[in-house]
Structure formats: structure tokens, C-alpha cells
Amino acid sequence: MDWITCTKSFVAVIQQGSLSQAAKHLDISNSALSKRLSWLELQLGVPLLKRTTRHLSLTDAGDVFFQRSLTLLDHWQQLITETTATNKEMSGTLHIGAPLTTGSHFLINVIATFCQRYPNINIALHTLTSGQLPDLNLDIIICSEIDNFNSASYIATPLFSDHARFYASPDYLEQHDPLESPEQLTQHNCLLLNQQHHTQEYVFDNGLTLRLQGNFITSNPEILIASAVENMGLILTSPQNIQRELAHGLLIPVLTQLQLPKQTTFAYYPKLSHQHTKTKHFIDFIKEKNHSS
């Protein structure tokens, strides 16, 4: 008997819904499976399952052990995969979390080229809310710096810094008088990344404060960019988010000397007892791509 085998057997029982189905899934006898569960409960000193002739359920201790086992077994599998990967091409699944503001254009571009370089790695992208604390079920979270975040369980590493600036479509600019001073922005339709208000105040890195307003707001950055491409107005965003639109001339910079204070994008990932190879390669890939762009 050993911890890993017996824990995997316990998890299989819960996932399969019965001892007989789990035994069939593991290709062992019912009695052998029962012995593994009994050994596990003996080592822990607490019952994990409530057993009747027709029903199987978790005890409170069993529920805690089951939830933690899922994470630990996943980390164990990652350890095995990444240790063997030192002698072969990397594979497996990388779970990435990001808010919409980060996980739209920029991150998708990174993921697309990363998958081309490492075709045996699968990517699962999870959408987070802004400011959401890191989740141990995710391998890495890409987001702006989380205020007052201090965790002994995570490593935070800066990826890149940039400034949000103003952009508009060529057609929109042709339809309006030339923008020559920041104060003129108050006379333009500004498309805002906002959920409630059509007016929003911004403080720029030169100390200037402007109250911008517009007839269109959205909490979805993809839609905001599309609305600017459709000549609806000006947007204030990071150039990282509109690389494709800039490259194709769909959007062009306006008042290039005016920008918001620098914002840094970070990668947060769990402190593990082993080197998380896929995570490290993904972080290095983002830094490499940003440096070359």
C-alpha cells in the first residue's frame, strides 16, 4: 500500500459513484479496492466515506480530503510529466486565468504562437474577474498587479509595462476637426470601458485630468475595440490590445504625447516543490514576444 495509489483509488470511487464502478475503472477487484480505502482511513485516523448497502457518501473529512486530493494529484502528474519532459518534447495542459481586459487580443495572440511552437501542449483559458485572487487550480494567472496581494503560496513576476493611449479609425478622424490638444478630447465621442457611466474621469501621467464622455460603454474590451474600428469614436487602451488593428491600419494613434500612468502586467503562479516547466516556458515566451515586438 502507498499514499498515491490509495488516494487515486479513493478519488476514483467518488468520481465513478460506486465501489464496483471504480474497481472496474481501475481494473482491480472490489475487495482490493476496499482494502485500499481501509488502509487510507487507517493512516488518516478518520472515516472518509459513509457506506450503506445502497448508498455511498463523503464524510466532512472525506470531502476536504477529496478536494485537496484533486489538486495534489494534478500537481503530482505535472511533476511526472515535466520531469520526463526533460528528455522529450513538452506535453500536457496549461491552465491559464486572465480577465477579459488581458485575455482578449494580446493574450490570444501569444497563445496562438505559443501553440505553434509547442504543439503538444493544450491550453485551457479561464476568464477571471478583475482583481480576482489567484486560484490554486490554475497554473498561471496573467493580469494587472493585484493591490495589496501578499501570499506565501504564489510567485509574482512582472511581464511587461506599457501606457494606455488614444486611438481612432482613420474614417472617424477624417469626419472631425484635427485633434491638436488634449482639451479637444472633451468635444469628441469617447468609447469607455465601463459598466455604468457614460462619463469617466482620467488622470494622465503629465498630471492633466480630463472628464471624458461618450454615447457607448461596455465591459467587454473586444467590443470596445470593434466599436472604434466601426468609426464610433476614440478609445483609450494599451497598444498591446490592438496590435492587429494597428498593423492593418484599422486604428491609428491620436495625441501620442498623452498617456495614462504606466501599468505593469504580472504573471502569478503557485510556488511548487518542483519546477513547473510549462509555466516557465509560457512566461519566458510572453517576455520574448514582447521584447521582439
- prompt: How about the range 176-212: which of its residues are among the hydrophobic types (A, V, I, L, M, F, W, C), within 13 Å of Gln257 (Cβ to Cβ) and under 32 Å from the mean Cα position of the chain (by Cα)?
  reply: Phe204
- prompt: Taking the stated definitions as given, is Ser181 surrounded by fewer than 15 Cβ atoms within 10 Å (Cβ to Cβ), of a type outside the set (A, V, I, L, M, F, W, C) and either modelled with pLDDT of 90 or more or under 14 Å from Gly233 (Cβ atoms) (or both)?
  reply: yes
field: Among (1) of a type outside the set (Ser, Thr, Tyr); (2) modelled with pLDDT under 75; (3) under 21 Å from His105 (Cβ atoms), the one test that Leu128 misses
entry: (2)
field: All helices (runs of 4 or more DSSP H) inside the range 1-44 with 3 or more residues being surrounded by 13 or more Cβ atoms within 10 Å (Cβ to Cβ), touching a residue at least 60 places away in the same chain (Cβ under 8 Å) and within 36 Å of the chain's Cα centre (by Cα)
entry: 3-16
task: Inspect all residues belonging to the range 233-242 and state whether any of them is open to solvent by 40 Å² or more (accessible area, probe 1.4 Å) and not basic (Lys, Arg).
output: no
message: Just to be sure I understand the filter: pairs with C-beta atoms under 9 Å, separated by 6 or more residues or on different chains, first member in the range 104-115 and at pLDDT below 85, second member part of a loop (DSSP other than H, G, I, E, B). Which pairs pass?
response: Ser104/Asn220; Phe106/Ser238
task: Return the residue satisfying two criteria in turn: it lies in the range 45-62 and is outside any loop (DSSP other than H, G, I, E, B) and open to solvent by 70 Å² or more (accessible area, probe 1.4 Å), and of such residues it is nearest to Asn137 (Cα to Cα).
output: Asp60
task: Among the candidates His274, His248, single out the residue that is surrounded by fewer than 14 Cβ atoms within 10 Å (Cβ to Cβ) and modelled with pLDDT of 90 or more.
output: His248
- prompt: Of the residues that make up the range 13-29, is at least one polar (S, T, N, Q) and in contact with a strand residue (DSSP E or B) (Cβ under 8 Å, 6 or more places away or on another chain)?
  reply: yes
- prompt: When residues of the range 213-242 are filtered for being of a type in the set (S, T, N, Q), farther than 15 Å from His163 by Cβ and under 23 Å from the mean Cα position of the chain (by Cα), how many remain?
  reply: 3
- request: Taking Arg68 as meeting all but one of (1) under 30 Å from the mean Cα position of the chain (by Cα); (2) at pLDDT below 90; (3) open to solvent by less than 80 Å² (accessible area, probe 1.4 Å), write down the number of the exception.
  value: (3)
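The values are calculated or read from the model by the stated rules, or taken from the named source; none is laboratory data. Keep in mind the model is a prediction, meaning the values are calculated, not measured. In this analysis, Cβ positions are derived from the backbone assuming ideal geometry, glycine residues included, and neighbour counts consider all displayed protein chains. When the accessible area is computed, the model is the full protein with side chains, heavy atoms only, and any ligands, DNA or RNA have been set aside. Shrake-Rupley method; radii C 1.70, N 1.55, O 1.52, S 1.80 Å.
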